[in-house]
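Peer 1: Below is a structure I'd like to ask you about.
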Amino acid sequence: MPAGVSWSRYLRMLGASVLAMFAGAQVVHQYYLPDLSIPEVPPKPGELQTELLGYKVREEATAALQQLKAEQKVD
């Protein structure tokens, strides 16, 4: 008797846990729709674009703001 319960109850709980795990994985897989395609030829260094777009926009906005402040100080 694992965990102080009968084998039948243990196996039912194990089965329910495994089914819940598989169902949860399927729900997450359907929600996020991962790209499972594998390219035949790996990309060359620098070609793979994995940057965060929100971060890039924020950096560009910060750079533009600093440039405007620098121009105003010159005038």
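Peer 1: Out of segment 14-30, which residues are of a type outside the set (A, V, I, L, M) and either modelled with pLDDT under 90 or under 25 Å from residue 2 (Cβ atoms) (or both)?
Peer 2: Initial filter on segment 14-30 (of a type outside the set (A, V, I, L, M)): 15, 17, 22, 24, 26, 29-30.
Correct list: 15, 17, 22, 24, 29, 30.
Peer 1: Go through segment 1-44 and report how many residues are of a type in the set (Lys, Arg) and in a helix (DSSP H, G or I).
Peer 2: Going through segment 1-44, the residues of a type in the set (Lys, Arg) turn out to be 9, 12, 44.
So of that shortlist, the ones also in a helix (DSSP H, G or I) come out as 9, 12.
Residues flagged as of a type in the set (Lys, Arg) and in a helix (DSSP H, G or I) within segment 1-44 amount to 2.
Peer 1: From the residues in segment 31-55 that are charged (D, E, K, R) and at pLDDT 70 or above, which one is nearest to the chain's Cα centre (by Cα)?
Peer 2: First pass over segment 31-55, keeping only residues charged (D, E, K, R): 35, 40, 44, 47, 51.
With the extra rule that they be at pLDDT 70 or above, the set shrinks to 35, 40, 44, 47.
Numbers: 35: 11, 40: 23, 44: 23, 47: 20 Å.
Taking the candidates together, the pick is 35.
The values are calculated or read from the model by the stated rules, or taken from the named source; none is laboratory data. Because the structure is predicted, anything quoted here is derived from the model rather than measured. Backbone-built Cβ (ideal geometry, glycine too); neighbour counts: all protein chains shown.
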